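Q: There's a structure below that I have some questions on.
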Amino acid sequence: MTTSADGLPPLRDVISTHELRAQKSLGQNFLLDLNLTGKIARQAGDLSNCDVLEVGPGPGGLTRALLYEGARRVVAIERDERCLPALAEISEHYDGRLKVISGDALAVNPHEHFEGPIKIVANLPYNVGTELLVRWLTPKEWPPFWDSLTLMFQREVAHRIVAQPGSKAYGRLSILSQWRSDAKIVMDLPPQAFTPAPKVSSAVVHITKCDQPKFNCDAKVLERVVATAFNQRRKMLRASLKSLAPDIEDRINAAGIKPTERAEQLSVEEFCTLSQMFS
Ligand code: SAM
């Protein structure tokens, strides 16, 4: 029997043995090249002293790379029960360093499975990727329970995360990602890297938390101001933010911002200053 460098069967064989035909409804586009998954795992930095949370391990391409690269422990949440036997084989091969949780990542509380800070690494299912990212960026307390996020997204979403003011991609995701973390695109992947190939290209984003926010403001207020402003991103702030306060123009002026500016022109710092006017 052929084996890969990690001593386990090639992913194509795993998929045919366990009959893991990709399901579109679960966002299943698998990575079968272990060299590629190794490269993604290494973007997360040194894993040897570190626990990793992975969402959507599928047949285990990225999971195997994380373990092969030395992750102390990987906890992986998978919704598709068909993948569990393949993942059990990996867990056995790596002496239990892999723990698999069968369920929906949106319903699992990560705090029940980890003690210290962790790294999150995932090739996210496109249908829940943004929602998970927003949750990880807006925890109840900061610093969060994670040190870094190394995540695969559709390229368009990755560009929204790292976008700068003045660009079309700049919006809520950019501000939530850049206010108290640093975000950069570290890899681009063409559709052909996946099986089956999706319609669009993908990119890996690496986000590292800052211990303190870069600019002071209340997280909940910032989230509300940003969501309201970008809800009507082409309108001037005095119109788009009208629902927040009757004296909105005075508050925008007090923040040193022109009420005729539009949401996409404001820097992260300006959004924080503006939010202070509502605290
Ligand atoms: N990590 C594998 C890889 O890179 O080849 C698979 C990635 S595939 C893009 C997304 C995976 O997430 C699939 O295995 C899918 O079954 C799983 N998934 C989809 N929705 C999920 C959810 N709500 N919670 C946990 N896993 C989910």
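The values are calculated or read from the model by the stated rules, or taken from the named source; none is laboratory data. Keep in mind it's a predicted model, so treat the numbers as computed, not measured. Because the Cβ atoms are built from the backbone with ideal geometry, glycine has one as well, and the counts that use them run over all protein chains shown. We work out accessible area using only protein heavy atoms, side chains counted, and drop any ligands, DNA or RNA first. Shrake-Rupley method; radii C 1.70, N 1.55, O 1.52, S 1.80 Å.
Q: Which value at 222 nm does the chain reach when only helices count, each DSSP H run of 4 or more adding -39,500 (n - 2.57), with the total divided by all residues and rounded to the nearest 500 deg cm²/dmol?
A: Details: 11 runs with 94 residues, N = 279.
Roughly -9500 deg cm²/dmol at 222 nm, from the helical runs in the chain.
Q: Extending each Cα 7 Å along its Cβ direction at ALA88 and MET1, get the distance between those two points in nm, one decimal.
A: Modelled inter-label distance: 1.5 nm.
Q: Same structure again: Using Cα springs under 10 Å in a Gaussian network model of the chain, which residue among ASN123, ASN109, ASN216 shows the largest mean-square fluctuation?
A: Maximum among the listed residues: ASN109.
Q: What nm distance separates the two modelled labels at ASP247 and GLU81, each placed 7 Å from Cα along Cα→Cβ?
A: Each label point lies 7 Å from its Cα, and together they span 6.0 nm.
Q: A further question follows. Filter the chain for me: DSSP H helices, axial length by Cα at least 15 angstrom, mean Kyte-Doolittle hydropathy not below 0.5. List them by residue number. Mind dumping the intermediate values first?
A: Values: long enough: 126-137 (17 Å, 0.42); 219-231 (18 Å, 0.65).
Helices meeting the span and hydropathy rule in the chain are 219-231.
Q: Label region 1-118 by shape, choosing from rounded, prolate and oblate, from the square roots a ≥ b ≥ c of the eigenvalues of the Cα gyration tensor; if a/c is under 1.5 it is rounded, and otherwise prolate applies when a/b is larger than b/c, oblate when it is not. If you can, show how the numbers build up before the last one.
A: Details: a/c = 1.64, a/b = 1.15, b/c = 1.43.
Oblate, since a/c reaches 1.5 and b/c is not below a/b.
Q: Roughly how many whole Å is it from the C-alpha centroid of region 128-195 to that of region 239-279?
A: Answer, in whole Å: 24.
Q: How large a share of the accessible area of region 11-209, in percent, is made up of carbon and sulfur atoms when the probe is 1.4 Å and the other protein chains stay in place? Walk me through the numbers on the way to the answer.
A: Working: 4220 of 8970 Å².
Percent of accessible area from carbon and sulfur atoms in region 11-209: 47.
Q: Let me ask something else about it. Rolling a 1.4 Å sphere over the protein heavy atoms, what is the accessible area per residue of the chain, to the nearest Å²?
A: Working: 13410 Å² over 279 residues.
With the other protein chains kept in place, the chain gives 48 Å² per residue.
Q: State, to one decimal in nm, how far the label point of ARG238 lies from the label point of LYS184, with both points 7 Å from Cα in the Cβ direction.
A: Once both label points are built, they end up 4.1 nm from each other.
Q: With both partners inside region 11-209, how many of the DSSP beta bridges are antiparallel, as a percent to the nearest 5?
A: Values: 17 of 35 bridges.
Around 50 percent of the beta bridges assigned by DSSP in region 11-209 are antiparallel ones.
Q: Kindly state, to the nearest 0.05, the FRET efficiency for GLN23 paired with GLN43, given R0 = 30 Å and r defined as their beta-carbon distance.
A: Details: r = 27 Å, r/R0 = 0.90.
E between GLN23 and GLN43, to the nearest 0.05, is 0.65.
Q: Students often get this wrong, so check it: of LYS140/LYS220; LYS214/LYS242; LYS119/LYS209, which have C-alpha atoms separated by over 18 Å? All intermediate terms of the calculation are to be shown ahead of the outcome.
A: Working: LYS140/LYS220 10 Å; LYS214/LYS242 27 Å; LYS119/LYS209 11 Å.
From LYS140/LYS220; LYS214/LYS242; LYS119/LYS209, over 18 Å: LYS214/LYS242.
Q: Something else now. Please find, in a Gaussian network model of the chain (springs between Cα atoms separated by less than 10 Å), the residue of THR63, THR150, THR228 whose mean-square fluctuation is greatest.
A: Checking each option, the largest mean-square fluctuation is seen for THR228.
Q: Related question: Could you give the length gained by full extension between LYS220 and ALA254, i.e. 0.36 nm per residue of separation minus their alpha carbon distance, to one decimal place?
A: Details: separation 34, 0.36 × 34 = 12.24 nm, distance 2.02 nm.
Between LYS220 and ALA254, full extension yields 10.2 nm more.
Q: Mind checking the full-extension length gain between ARG12 and ASN231? Use 0.36 nm per residue of separation minus the Cα-Cα distance, one decimal, nm. Show your work: numbers first, answer last.
A: Values: separation 219, 0.36 × 219 = 78.84 nm, distance 4.41 nm.
Once the chain is fully extended between ARG12 and ASN231, it gains 74.4 nm.
Q: May I ask which residue of PHE145, ILE101, LEU8 lies farthest towards the positive end of the charge dipole of the chain, with charges of +1 (Lys, Arg) and -1 (Asp, Glu) on Cβ and the Cα centre as origin?
A: PHE145
Q: Next up: Set the Förster distance to 22 Å, then compute FRET efficiency between VAL134 and SER102 from the Cβ-Cβ distance, nearest 0.05.
A: Working: r = 24 Å, r/R0 = 1.09.
Taking R0 as 22 Å, the efficiency between VAL134 and SER102 is 0.35.
Q: Can you work out D for region 219-276 in µm² s⁻¹ from Stokes-Einstein, where Rh is the Kirkwood radius over C-alpha pairs, the temperature is 37 °C and the viscosity is 0.692 mPa s?
A: Numbers: Rh = 10.9 Å.
My calculation gives 302 µm²/s for D.
Q: How would region 11-209 be classified by its alpha-carbon gyration tensor: rounded, prolate or oblate, with rounded meaning a/c under 1.5 and the a/b versus b/c comparison settling the rest? Working shown, then result.
A: On the way: a/c = 1.71, a/b = 1.27, b/c = 1.35.
It is oblate, given that a/c is not under 1.5 and a/b is not larger than b/c.
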